[in-house]
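The values are calculated or read from the model by the stated rules, or taken from the named source; none is laboratory data. Bear in mind the structure is a predicted one, so any value in this text is a computation, not a measurement. Cβ atoms come from the backbone with ideal geometry, glycine included; neighbour counts cover every protein chain shown. Just so you know, the surface numbers come from the protein's heavy atoms only, side chains and all, with ligands and any DNA or RNA stripped out. Shrake-Rupley method; radii C 1.70, N 1.55, O 1.52, S 1.80 Å.
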Amino acid sequence: MKALTNIITPILGLLPARQSLPQPQPQPQAQAQVQPPSSCPDYSSYARTRHAPFSSGRHALSYQRPAPSCRTFNSSTIESFITNMSSVISDPDLYRLFQNTYPNTLDTAIKWHGIAASSSNNSAEEEEELTFIITGDINAMWLRDSANQLASYLPFLSPSSSRDSLASLYRGVINLQARYLLTSPFCNSFQPPAESGIPPATNSAAESDTVYPGYDPKKVFECKYELDSLASFLQISAQYHAATNDTSFFGKFQWLEAVQTVLDTAKAMMTPTYGPEGQVLDSPYTFTRMTTRTTETLANDGLGSPVARDTGLIRSAFRPSDDSTIFQFLIPSNMMFAKYAGDVASIIHAVASQPGDAKVPPAGLGNELTTLSTSLRQAITKYAIFPIPTGTLNTTGGREFEQIYAYEIDGFGSHTLMDDANLPSLLSAPLFGFLSSSSDPVYQNTRARILGNNTNPYMMRGPVINAVGGPHAGPGMGWPMGSIVRILTSKLDTEEETEEVWRVLRGLVGSTDGLGLMHESVNSWDEKRWTREWFSWANGLFGQMIWDLWRRKPEVLGRSYQ
């Protein structure tokens, strides 16, 4: 253990494994880069083919990193970490997978990093940084994906005013997300900012969409209202502040206005379907699409399924998979919003106490966020926990029951008992901090059913991968992201739990079709059937998982995965 710590501590300033996460340390210089030259290969095509040198394990995984001159952002900190992990990870295939995946967002997805036109004549301290991060093989920026793509590098985030730092990338994403939310707060993915000079992407699937409120397709790529998109803006804001304590940043530009818009939008989406006298209330958001897939549009002419009054929960028309909800009170998204609304309330109060010329937060904003965070937690406890039979009988011959979280509810009593691989999910509740521990008994009951045999309709099983999937890719398609979250939320307290993690990780190593990258989904019986060759968020999440295993259970990384 001491040897492992000696290898990595000089790079990260980390504490030994099993201790709390490190406080931010001075960050070595990172080298930003203008857009790669046009001679660089298109990464979508590049990621579909194998490239030497191959790993020496039985999977002979391809090397998938672009040449340094073709990378969209180069960080010496991340490069040092990757290099030194070669002394920690014994298995050649596992190391190659980590080597390819962890830097994938920096290597390929920082499509543009610059400053807002409105601040081009300002001093360097007052320039509004912008960062446009694509999701991978789709040339648009999702609020959820971009927040999570940078979250992979959170252990390395520290205060820095340098434009060439990870901190600058974070500030740029926060600023650009704020602009997007002020433009179209019900939308989930967006076009490049005008300053980038990148032309808007075409979304043929959205050409038939009828959406209220309307939006400008030159600014918005797709307008599916997803509560987790709003929560993702709160998430990246809270994570940046926790790592840097850079309170002054949040008193600049449009952040406060964007937080107010997030709160206003969430409150609007608490509108029920029916008023007290039975009248159908106007919905703040409606969506229809001409499609053959029921998950791509909303029922009831764009209203979605009805929801009850007075639950205290927030509606979500779509899931984080971009599939429509069955029942609009999507519990994982309400959990996530509750967590980060409370965190951002603390930032609001800190900004309010800043001296000097910082903006004054809107009156009552921090208190409203705190109140909503608390009431959401109470509503989840009251409405989202259901008793289900365990299959055993008690001593009087009656059925035994256990409590679990529902995935979606409508407030009338209807609910879905399932989970989806995309984050936020029920499985990920401890990961994003809604639950302080994965030992929570209701969570443990829920987790057992999510991962069980014949207890979750979207738990895929087979010789290639055993993972949670979802309707987005359909039955039989397990999502590596589901396996990664399973590992990240494992307690690792017993030998049995450690062996479970080894088996799941071994499945991930063998699920890439030799390409050495995380796919969106993989057929649980045929590794050659997969979706998305370039899914940057899942790649980064895999690297984040490796870092977490080093911190909690480094011996897992010293094992063979052949």
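Brief remarks on what is shown
- Take Phe401: with every protein chain present and a 1.4 Å probe, its accessible area is about 100 Å².
- Residue-normalised accessible area of the stretch 415-554, expressed per residue, 1.4 Å probe, Å²: 32
- Using alpha carbons only, the radius of gyration of the stretch 160-312 set against its Kirkwood radius gives Rg/Rh = 1.02.
- Accessible-area order (highest first, 1.4 angstrom probe) of the listed residues Asp93, Asp343: Asp343, Asp93
- Computed over protein heavy atoms with a 1.4 Å probe, the carbon and sulfur contribution to the accessible area of the chain reaches 51%.
- Of all stretches in the chain that contain no GluC sites (Glu not before Pro) in a DSSP loop with at most 15 other Cβ atoms within 10 Å, the longest one is 278-562.
- Scaled against 2.2 N^0.38 Å for its residue count N, the alpha carbon radius of gyration of the stretch 510-562 is 1.27.
- Kirkwood radius, the stretch 48-126, all distinct C-alpha pairs, inverse of mean reciprocal distance: 14.7 Å.
- Qualifying trypsin sites (Lys or Arg not before Pro) in the stretch 188-261, where qualification requires a DSSP coil assignment and no more than 14 other C-beta atoms within 10 Å, comprise Lys218.
- Ellipsoid fit via the Cα gyration tensor, the stretch 369-444: semi-axes of 25, 15, 13 Å, each the root of five times an eigenvalue, largest first.
- Legend: distances between Cα atoms for Lys111/Lys252; Lys252/Lys339; Lys111/Lys267; Lys224/Lys339; Lys339/Lys491; Lys382/Lys553; pairs beyond 27 Å are Lys111/Lys267; Lys382/Lys553.
- Residues within the reach of a label modelled at Tyr212 (point 7 angstrom out along Cα to beta-carbon, backbone nitrogen below 18 Å), restricted to the stretch 316-352, are 316-318.
- Segment Thr494-Gln354, length gained on full extension (0.36 nm per residue, minus Cα span): 45.7 nm
- For the stretch 251-339: accessible area per residue (Å², 1.4 Å): 37
- Size of the stretch 441-559 from its Cα atoms: along the principal axes, largest to smallest, the extents are 34, 31, 23 Å.
- Eigen-decomposition of the gyration tensor built on the alpha-carbon atoms of the stretch 381-528 gives equivalent ellipsoid semi-axes of 28, 17, 16 angstrom, largest listed first.
- Rounded to whole Å, the principal axis extents of the Cα atoms in the chain read 70, 68, 46, largest first.
- Per-residue ³J(HN,Hα) for the stretch 268-276, Karplus 6.51 cos²θ - 1.76 cosθ + 1.60, θ = phi - 60°, Hz, x for Gly and Pro: 4, 7, 8, 4, x, 6, 10, x, x
- With DNA, RNA and ligands ignored, accessible area of Trp530 (1.4 Å probe; Å², nearest 10): 60
- Kirkwood-based shape ratio for the stretch 228-371, expressed as Rg/Rh from alpha carbons: 1.04
- Across the stretch 230-240, rounded Karplus estimates of 3J(HN,Hα) from the backbone phi angles (6.51 cos²θ - 1.76 cosθ + 1.60, θ = phi - 60°) give 4, 5, 5, 5, 5, 4, 5, 5, 5, 5, 5 Hz, Gly and Pro being marked x.
- Couplings 3J(HN,Hα) of the stretch 507-520, computed from phi: x, 5, 4, x, 9, 9, 6, x, 7, x, 9, 7, 7, 5 Hz, in residue order, whole Hz [Karplus 6.51 cos²θ - 1.76 cosθ + 1.60, θ = phi - 60°; x for Gly and Pro].
- Projecting the Cα atoms of Val504, Gly413, Pro159 onto the charge dipole of the chain (Cβ charges, centred on the Cα centre) puts Val504 farthest toward the positive pole.
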